[in-house]
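Written out below as structure tokens is the structure these notes cover.
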Amino acid sequence: MIRVHALTKRYGAKVAVDGIHFAVDPGKVTGFLGPNGAGKSTTMRMLVGLDRPTAGTAEVNGRPYVDLPAPLREVGVLLDARSAHKHRTAYKHLLAIAATHGIGAARVREVINLAGLDAVAGKRVGGFSLGMNQRLGIAAALLGDPQTIILDEPVNGLDPDGILWIRGLLRQLAAEGRTVLLSSHLMSEMTQTADHLLVIGRGAILADGPLHEVVASATRSVVRVRTPEVERFTRAVAGPGVTVTVTADDAVEVTDLDAQSIARTAAAAGILLFEIAAIEGSLEDAYLALTAQDTEYRATVRTPDGGGR
């Protein structure tokens, strides 16, 4: 279990994390999202004792990480996939970590097998690809069979098979009642893996709730309609707060009116509908809406006329 209370981190005049509060509970995968520079990595570093908070607390199982008597057995952490000594083999790297907590070689071989590294266990880490380093880092995080797992961008560099593996692994760990905190910039992966979302921007928590609730609250549902009677249909569904837009392909998109109400209105007016489909907002839509005012680094997109936006 992770608890953060009034957590603050300042670097001189810059406030990286600004008095945030949140909890990460067991039995679910909690996704941690935020733009570059939002304070996400700083928060995770404070959680595992790599940065000292300016104010507030970050606790795992009721105490700061630095006070845990055997941290590897309580918290599994992956923040930097390329932190292993490049001249050590994967097996010896894990064996050295295991020795710090009295973990035997049998468990080392077990996590090597779990991470799919059997074929390269005797090879030096310096020759590993990013994906292989990710697998090694996850194996290290699981060495102590911890109840809490904190992973920063674990799918970065993984091939499709590796992505399916980590997705299933995280779901399994949560199903076992463990606490899982996951950061990723891949919205598709977060949609398929996370149960709960934390969104941070400019050091403040912008959203904290179940994934579907965060998406629903930050996006607007649209109903797409095709009809040969566009003008009559538009007049029929028009009303306070309802937005009707005719698209380039002659479909009609209706916002803030549900599909059932639209179908009833069309039927009552005798308007023929060829298609009616509800289009829900995506996590990407919700994320962009939530962080629109909190993205520190923005690229300039050149328009055809040579201008920028």
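Where a number appears in this text, it was derived from the coordinates with a stated rule and is not lab data. Everything numeric in this text was worked out from a predicted model, so none of it was measured. Virtual Cβ from ideal backbone geometry, glycine too; neighbours counted across all protein chains shown.
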Q: Please work out the Kirkwood hydrodynamic radius for segment 110-259, using every pair of different C-alpha atoms, and report it in angstroms with one decimal place.
A: 19.1
Q: Compute the Rg/Rh shape ratio of segment 176-234: radius of gyration over Kirkwood radius, all on alpha-carbon atoms.
A: 1.21
Q.
Please compute the contact order of segment 2-217 in relative form: average sequence separation of alpha-carbon pairs under 8 Å and at least six residues apart, divided by the residue count, as a percent.
A. 30
Q: Before anything else, pin down the relative contact order of segment 143-251: Cα pairs under 8 Å, at least 6 apart, normalised by residue count, whole percent.
A: 18
Q: State the percent of C-alpha pairs, over all pairs in segment 1-155, separated by a distance greater than 27 angstrom.
A: 28
(Q) Applying a 10 Å radius around every beta-carbon, put 7-15, 68-76 in order of their mean neighbour count, most first. (A) 68-76, 7-15
Q) Hey, rough spin-label estimate for Q293 and D161, points 7 angstrom out along Cα→Cβ, what's it come to in nanometres? A) 4.8
Q | Calculated P(r) of segment 220-279 - Cα pairs past 13 Å, % | A | 53
Q: Starting from the Cα of K9, draw a straight line to each of the lysines and keep only those under 26 Å, dropping any in the same chain fewer than 8 residues away.
A: K40
Q.
Below 21 Å, Cα to Cα, which lysines can K92 reach? Residues fewer than 8 away in the same chain don't count.
A. K123
Q: Could you work out the mean projected area of the convex hull around the alpha carbons of the chain, in square nanometres to one decimal?
A: 21.6
**Q.** Dimensionless Rg/Rh of segment 99-150 - Kirkwood Rh, Rg from C-alpha atoms
**A.** 0.96
